[in-house]
Amino acid sequence: MAAEDQPEPDKPAGTDEEGAATKLFDEWDVTNIDYTDPSTERYITVTPVAHTMGRHAGKQFQKSEISIVERLTNRLMQTEENTGKKQQALRIVREAFETIHAETDENPVQVLVEAVENAAPREETVRLKYGGISVPKAVDVAPQRRVDQSLKFIAEGVYSSSFKTSTDAAEALANQLVGAANYDVQTYAINQKEEKERVAAAAR
């Protein structure tokens with residue numbers, strides 16, 4: 001059989017015509033994500049890669065170039081029970097995405113982006129010293145720090161909702177993301193954001 005007559009090999013799931021991956025976890029599309037907050041858009045990177053194996057480590061500001069899904073996964077590992085367990089944290093995220101899709105019929109990656117945007121505080125306080133007196137002062141939060149704080153709040157909400165309760169981590173993560181995406185003030189991440197901004201407003 002001539003080379004041109006041989007059938008093309010099947011491409012793996014989640015790849016385009018050129019063989020490049022286009023879907024996260026071979027399931028969720030990452031090409032048509034909508035952003036509503038222009039200040040944080042460049043710091044919320046959505047890619048099909050959920051595990052870069054620390055390629056950004058040691059490089060200032062490089063963390064914003066890796067997938068927001070992996071950054072969330074890394075945040076979930078920063079607890080006593082999950083420290084260093086990347087595969088377990090990825091499984092929690094994958095199961096949470098499946099739960100979100102089943103409950104909302106939406107792309108869970110889009111829900112994650114909306115949750116991060118909504119839970120990102122716009123103001124916080126710093127301490128300034130005037131003649132030995134410490135005075136709180138409200139300051140704007142840098143866009144990259146806004147994303148960092150949002151991921152921190154979401155991870156803390158998952159931990160507080162699932163630790164020593166009947167709610168497993170994947171379900172807790174799904175609840176936190178859906179609640180934050182809908183700007184539900186009962187959600188831990190949104191509650192923390194509102195509290196930070198309330199304190200900052202009083203220190204203007």
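The values are calculated or read from the model by the stated rules, or taken from the named source; none is laboratory data. Model, not experiment: these values are computed from the prediction. With ideal geometry, Cβ positions are generated from the backbone for all residues, glycine too; neighbour counts draw on all protein chains shown. Protein only, heavy atoms only, side chains kept; ligands, DNA and RNA dropped before computing areas. Shrake-Rupley method; radii C 1.70, N 1.55, O 1.52, S 1.80 Å.
So the values come out like this:
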{"read-out": "Accessible area of the chain belonging to carbon and sulfur atoms, whole % at 1.4 Å probe", "value": "47 percent"}
{"read-out": "Qualifying lysines (Cα of each under 18 Å from Cα of Lys23; at least 8 residues distant if same chain)", "value": "Lys11"}
{"read-out": "Share, in percent, of DSSP beta bridges within the chain that are antiparallel, nearest 5", "value": "90 percent"}
{"read-out": "Furthest towards positive pole of dipole, Asn191, Ser67, Ile100, structure part the chain, Cβ charges", "value": "Asn191"}
{"read-out": "Nearest-ten-degree value, helix 169-181 long axis tilted from longest Cα axis of the chain", "value": "70 degrees"}
{"read-out": "Distance between modelled label sites at Ala102 and Arg42, nm, 7 Å Cα→Cβ extension", "value": "4.0 nm"}
{"read-out": "Global form of the chain, assessed from the alpha-carbon gyration tensor, a/c cut-off 1.5", "value": "prolate"}
{"read-out": "Nearest-ten-degree value, helix 143-162 long axis tilted from longest Cα axis of the chain", "value": "90 degrees"}
{"read-out": "Rounded accessible area per residue of the chain, 1.4 Å, Å²", "value": "58 Å²"}
{"read-out": "Computed FRET value (nearest 0.05) for Glu27 with Ser166, which takes r as the C-beta separation and R₀ as 22 Å", "value": "0.20"}
{"read-out": "Those lysines that a straight Cα-Cα span of less than 20 Å connects to Lys129, excepting residues fewer than 8 apart in one chain", "value": "Lys137"}
{"read-out": "Expected 222 nm ellipticity per residue - DSSP helices of 4 or more, -39500 (n - 2.57), all of the chain, to 500", "value": "-14000 deg cm²/dmol"}
{"read-out": "Subset of Lys85/Lys193; Lys85/Lys164; Lys85/Lys196 violating a 26 Å alpha-carbon distance limit", "value": "Lys85/Lys193; Lys85/Lys196"}
{"read-out": "Highest-fluctuation residue, Pro48, Pro121, Pro136 considered, GNM on the chain with Cα pairs under 10 Å", "value": "Pro136"}
{"read-out": "Mean separation of Cα contacts under 8 Å, 6 or more apart, over the residue count of region 58-204: relative contact order %", "value": "27 percent"}
{"read-out": "Between helix 86-104 and the chain: long-axis angle, C-alpha atoms, 0 to 90°, nearest 10", "value": "90 degrees"}
